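A.B. asks: Below you'll find the structure I mean.
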Amino acid sequence: MAKVAMIIDKTDHVATCISAVKRGETVELMRDGRKSKKIKAKQNIPFAHKICVKGMKKGDQCLKYGLSIGSASKDIQVGDYIHIH
């Protein structure tokens, strides 16, 4: 059974995991109460932390809620745990 992560805006690079996720588990993205795509977690991700849903290059702005929450300090791939990268 897939874990679930909430994505707020279609432009977001991250989704918030609504339960702890283990590396290799499938995470199903939900936006506006609808399921969208599924991704695989590349690392363990704690409850309420973020998973990357759109890859970023070092220096790219990271979007959540359609707004910048910082810039990537390294390349980040879909499925990566995003925290202070």
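The values are calculated or read from the model by the stated rules, or taken from the named source; none is laboratory data. What you are looking at is a predicted structure, and each value in this text was computed from that prediction instead of being measured. Please note that ligands, DNA and RNA were not included when accessible areas were found on the heavy atoms of the full protein model with its side chains. Shrake-Rupley method; radii C 1.70, N 1.55, O 1.52, S 1.80 Å.
A.B. asks: Roll a 1.4 angstrom probe over the protein heavy atoms and tell me the percent of accessible area of the chain that is carbon or sulfur.
C.D. replies: Percent of accessible area from carbon and sulfur atoms in the chain: 54.
A.B. asks: May I ask you to rank Asp12, Asp80, Asp75, Asp60 by accessible area, largest first, using a 1.4 Å probe over the protein chains only?
C.D. replies: Solvent-accessible surface, decreasing: Asp75, Asp60, Asp80, Asp12.
A.B. asks: Can you tell me the accessible area per residue over the stretch 18-85, all protein chains present, probe 1.4 angstrom, in square angstrom?
C.D. replies: 63 Å²
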